[in-house]
Amino acid sequence: MLTQQATKTVRLPEALFDYWKPDDEVARKLTELSVLELLREKRITASGAAELLGVPVHDVLDLMGAHRVPYLDYAEGDVRRESKALAESLDE
């Protein structure tokens, strides 16, 4: 489900339009990049991104991978701690 659309005026360098053609690709690309940045900043979830882009969550995960936006954000210590807890639970 694609979310409600709005028209806003945004000033961009003219040269950007040389890279994204046709013009309808500009809006799609800017939306995609904005959503990726919101994901990177942890301001939205993958399901929220999927809703904004009007695509399934698995497409968002593919897009995140293509743009090197982590889906799971584990610190090194967290991974070690969880790995240890898992190993201990398997030994029981």
TODO: Can you run down the residue pairs with Cβ atoms below 9 Å, 6 or more apart or on separate chains, where the first is in region 21-50 and in a loop (DSSP other than H, G, I, E, B) and the partner is of a type in the set (Val, Ile, Thr)?
DONE: Ile44/Val35
Open item on the list: Being within 14 Å of Ala46 (Cα to Cα) and either at pLDDT 75 or above or touching a strand residue (DSSP E or B) at 6+ places or on another chain (Cβ under 8 Å) (or both) is the filter here; which residues of region 69-79 pass it?
Closed with: Val69, Pro70, Tyr71, Leu72
Task: Top-ranked residue in region 65-92 [being of a type in the set (A, V, I, L, M) and not in a helix (DSSP H, G or I); ranked as surrounded by the most Cβ atoms within 10 Å (Cβ to Cβ)] - done: Val69
Task: Qualifying positions in region 20-57 - farther than 21 Å from Arg68 by Cβ and either surrounded by 12 or more Cβ atoms within 10 Å (Cβ to Cβ) or of a type in the set (S, T, N, Q) (or both) - done: Glu25, Val26, Ala27, Glu51
- [ ] For Ala15, indicate whether it is small (Gly, Ala, Ser), at pLDDT below 95 and out of contact with any Cys (no Cβ under 6 Å at 6 or more places or on another chain).
- [x] yes
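The values are calculated or read from the model by the stated rules, or taken from the named source; none is laboratory data. The shown structure was predicted, so the numbers you read here are calculated from the model rather than taken from an experiment. All Cβ positions, glycine included, derive from the backbone under ideal geometry; neighbour counts span all protein chains shown.
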